[in-house]
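The values are calculated or read from the model by the stated rules, or taken from the named source; none is laboratory data. Predicted model only: the values in this text are computed from it and were never measured. Glycine also receives a Cβ, built like all others from the backbone with ideal geometry; neighbour counts cover every protein chain displayed. Side chains are part of the model used for accessible areas, which takes the heavy atoms of the whole protein and leaves out ligands, DNA and RNA. Shrake-Rupley method; radii C 1.70, N 1.55, O 1.52, S 1.80 Å.
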Amino acid sequence: MPSVLDQRIDAAVAGLTGPGGPMPVTSVTRDGIDYPAIAVAPPALPYYFAHFCAEHADKPFLVAGEERLSFAQVHAAATDVARALVDGHGVARGDRVGIAMRNSPSWIILYMGILMAGGVATLLNGWWQTGELADAIAEVECKLVFADAPRAQRLDEATGLGADVVPIDDRLPIAEAMAPVTSRGGSAQTALPMLTGDDNATILFTSGSTGQSKGALSDHRAVTQAVFNYLVTALTMLAIATQDGTPPPAQHATLLNVPLFHVTAEVPVFLQSFAMGRKLVLMPKWDAEAAMRLIEKERITYFVGVPLMSFEILTHPDRGKYDLSSCTDFAAGGAPRPVEHVRRLAEEMGGARPLLGYGLTETNGVGCGNFRENYLAKPNSTGRASPPLVDLAILDAKEQPVPAGQRGEVAIRSIANFKGYYNRPEATRDAFTEDRYFLTGDIGYLDEDGYLFIVDRKKDIIIRGGENISCQEVEAAIYENACVAEVAVFGLPDERLGEVPGAVVHVRPGAVLDAEALTEFLTARIAAFKVPRTIWLSDGPLPRLGTEKIDKVSIRASYRARYAEEVGAA
């Protein structure tokens with residue numbers, strides 16, 4: 001039976017999206033399928049930027065250390081960048097332009113400028129090492145890459161990159177930081193393209209069971225519709241708060257504490273903030289105590305991050321020294337929260353309420369949401385499908401819907417879904433059903449109230465603190481060591497991060513290799529978060545199935561038990 005909050009949410013959404021409401025729903029036909037779409041969403045992101053930066057012109061938008069920029073200042077800087085990209089850097093409609101940087105105002109202004117110039121903002125994982133960055137740039141055929149100092153140094157070491165790299169010193173004030181871009185040309189007379197919803201907008205990278213990261217390509221319509229779907233949720237909760245006599249503050253504020261190359265930071269945090277007139281307080285690197293200082297100083301109203309972040313605030317020994325009362329919600333995404341964390345957040349954070357979202361890179365972050373008392377009632381659920389755009393299904397092996405309560409693969413269909421993996425038609429075809437549901441690779445079921453419970457993963461991935469790690473990718477890196485004969489990589493449970501990678505390695509007869517040397521070998525090749533925390537060396541060959549494949553299920557079960565004993569004994 002729907003909860004009281006569910007009934008209130010449904011009523012508020014109906015008022016917002018129905019005839020005469022501020023977010024009316026229309027229909028868009030694509031590939032022969034009719035999708036619900038929010039009629040007032042602009043066709044492309046440059047129009048979205050222009051409208052809301054004008055509406056909120058003088059409000060503070062970006063706070064980074066001592067630098068504070070208003071909406072109008074950010075838009076003006078992005079316009080200068082866009083003109084310079086067209087005139088000085090030769091960026092044409094559809095060109096892929098990469099950003100390999102930590103969170104900073106420079107990142108945000110470059111992102112906006114690339115899109116305004118008609119380019120495709122290609123969000124490179126800042127934690128990648130040289131080879132990973134070079135592979136991704138080649139994968140999507142980047143023309144140009146903007147990189148901060150550490151990433152520029154890594155790219156300097158790459159051979160045959162095929163893209164121009166422009167170093168950006170993001171520690172400088174924004175006008176100086178953008179000088180390497182804007183000094184190349186552009187003026188008030190530079191014509192910027194008039195984009196449509198069908199123009200390509202972004203590429204975000206995803207690791208799946210196939211190993212190497214794939215570039216998930218989205219058009220402008222998908223991204224703007226995803227943003228507006230989040231806005232419906234925000235307006236719904238605002239309506240309920242107003243009914244309850246708790247009006248919103250003069251200006252909302254949130255920490256930008258997750259990397260902007262992740263869809264969670266890009267869509268619901270960064271992009272949604274334009275329409276909300278919300279202040280973004282940037283954190284270039286996560287630190288729980290620094291986050292609490294900023295919550296107090298900047299009167300942060302909304303916190304979102306991977307579950308580990310709110311848990312570290314909850315359990316920090318100095319939490320009592322900071323006034324966190326302005327923050328009414330602690331949201332999480334990217335990984336499930338342990339049930340105990342949900343309860344403790346509700347009971348120990350001074351009235352702030354826990355929230356959880358479920359979405360993927362390929363869905364532009366849109367999927368499900370579990371809110372406040374609903375989350376407390378069903379803490380191991382990701383919540384219901386997010387209205388008004390999401391069509392959620394649980395499918396069997398033949399891609400047919402299963403009854404409520406029965407397990408199957410979670411599938412999502414919406415106008416906010418990505419177009420496909422760049423230059424990977426086969427992977428794109430495999431990712432969708434014939435009627436265009438995206439197959440998430442998660443196994444789950446729906447209860448009688450439409451709440452999604454995820455129970456397993458079909459894809460061979462580890463989720464470490466919200467960051468996806470492909471087991472096959474880590475295995476491939478280990479196999480590059482000539483001493484390795486066989487390897488199996490799998491997830492190990494971790495209280496803080498959810499999971500961490502572990503590996504069992506069989507060394508070739510006659511070769512000499514220890515865990516420390518292999519760790520050092522891997523650290524030079526893959527991002528640090530992918531390097532196994534624990535490496536066991538097996539004296540004999542790894543167990544195999546009748547098909548001669550390595551029996552990863554039994555290996556994982558055996559070594560997880562061994563790990564629990566070792567951790568317990570430590």
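Restricting the calculation to Cα atoms, every distinct pair contributes to the Kirkwood radius of the range 170-237, found to be 16.0 Å.
Using the Cβ-Cβ distance between Arg372 and Glu157 with R0 = 56 Å, the FRET efficiency computed as 1/(1 + (r/R0)^6) comes to roughly 0.70. For the range 228-333, a Kirkwood hydrodynamic radius built from all Cα pairs, placed in the Stokes-Einstein relation at 10 °C and 1.306 mPa s, yields a translational diffusion coefficient of 112 µm²/s. Of the accessible area of the chain, computed with a 1.4 Å probe over protein heavy atoms only, carbon and sulfur atoms account for 52 percent.
Each 20 Å bin, from zero up to the one with the longest distance, holds this percent of the alpha carbon pairs of the chain: 20, 56, 23, 1. Panel note: the C-alpha atoms of the range 216-260, placed on their principal axes, show extents of 42, 23, 14 Å (largest first).
Neighbours of Ala44 by Cβ distance under 14 Å: Lys/Arg scored +1, Asp/Glu scored -1, total -1. In plain terms, the chain from Arg68 to Glu340 could stretch by 94.1 nm, reckoned as 0.36 nm per residue minus the Cα-Cα distance.
When only Cα pairs under 8 Å and 6 or more residues apart are kept, what is the percent relative contact order across the range 1-87? Can you show the working numbers first?
Numbers: 66 pairs, mean separation 11.6, N = 87.
It rounds to 13 percent for the range 1-87.
Projected onto their three principal axes, the Cα atoms of the range 326-373 cover extents of 35, 23, 15 Å, largest first. Taking every Cα-Cα distance in the range 466-543 and sorting them into 10 Å bins from zero, the calculated P(r) comes out as 19, 55, 23, 3 percent.
Determine, from the Cβ-Cβ distance of Ala250 and Asp514 and an R0 of 56 Å, the FRET efficiency 1/(1 + (r/R0)^6), rounded to the nearest 0.05.
Values: r = 59 Å, r/R0 = 1.06.
Plugging the Cβ-Cβ distance into 1/(1 + (r/R0)^6) gives 0.40.
Normalised by the number of residues in the range 443-525, the average gap of Cα pairs under 8 Å and 6 or more apart makes the relative contact order 22 percent. Between the C-alpha center of the range 103-146 and that of the range 390-435 there is a gap of 28 Å.
Between Asp447 and Ala241, the distance separating the two model label sites (each 7 Å from Cα on the Cα→Cβ line) works out to 2.7 nm.
Estimate the FRET efficiency between Thr29 and Arg93 by the formula 1/(1 + (r/R0)^6), using the beta-carbon distance for r and 22 Å for R0, to the nearest 0.05. So the FRET efficiency works out to roughly 0.35.
Show me the trypsin sites (Lys or Arg not before Pro) within the range 501-555 that DSSP assigns to loop and that have at most 12 other Cβ atoms within 10 Å of their Cβ.
Counting only loop positions with at most 12 other Cβ atoms within 10 Å, the trypsin sites (Lys or Arg not before Pro) in the range 501-555 are Lys549.
Kirkwood Rh over alpha-carbon pairs of the range 62-101, then Stokes-Einstein at 10 °C and 1.306 mPa s: what D in µm² s⁻¹, rounded to an integer?
133 µm²/s
Length, then width, then depth: along the principal axes, the Cα atoms of the range 379-524 run 59, 38, 25 Å.
Here is the P(r) of the range 39-150: all C-alpha pair distances, binned every 10 Å from 0, give 14, 41, 34, 11, 0 in whole percents. Hull volume per residue, based on the alpha-carbon atoms of the range 127-194 and their convex hull, is 123 Å³.
Once a ≥ b ≥ c are taken as the square roots of the eigenvalues of the Cα gyration tensor of the range 295-334, is the result rounded (a/c under 1.5), prolate (a/b larger than b/c) or oblate (a/b not larger than b/c)? Since a/c reaches 1.5 but b/c is at least a/b, the shape of the range 295-334 is classed as oblate. Modelled spin labels at Glu434 and Val553, positioned 7 Å past Cα toward Cβ, are 3.0 nm from each other.
Accessible surface for the chain, divided over its residues, is 41 Å² per residue with a 1.4 Å probe. A straight line joining the Cα centroids of the range 266-333 and the range 453-473 runs 25 Å.
DSSP assigns beta bridges within the chain; of those with both partners inside it, close to 60 percent run antiparallel.
Relative intensity of the range 358-410 on a log10 scale, I(q)/I(0) at q = 0.12, 0.20 Å⁻¹, equals -0.32, -0.83, per a Debye sum over C-alpha point scatterers of equal strength in the absence of solvent.
Each of Asp391, Asp494 has its accessible area taken with a 1.4 Å probe; listed largest first, they run Asp391, Asp494.
A crude spin-label estimate for the pair Glu495 and Ala175, with each label 7 Å from Cα along the Cβ direction, gives 5.2 nm. Each residue was assigned an accessible area with a 1.4 Å probe, and for Asp198 the value is about 100 Å².
Say a site is exposed when it is one of the GluC sites (Glu not before Pro), sits in a DSSP loop, and has at most 14 other Cβ atoms within 10 Å; what is then the longest site-free stretch of the chain?
Details: sites that count: Glu66, Glu141, Glu157, Glu434, Glu448, Glu480, Glu495, Glu548.
Looking at the chain, 158-433 is the longest stretch - no exposed GluC sites (Glu not before Pro) with at most 14 other Cβ atoms within 10 Å.
According to the Kirkwood relation over distinct C-alpha pairs, the hydrodynamic radius of the range 152-279 is 18.6 Å.
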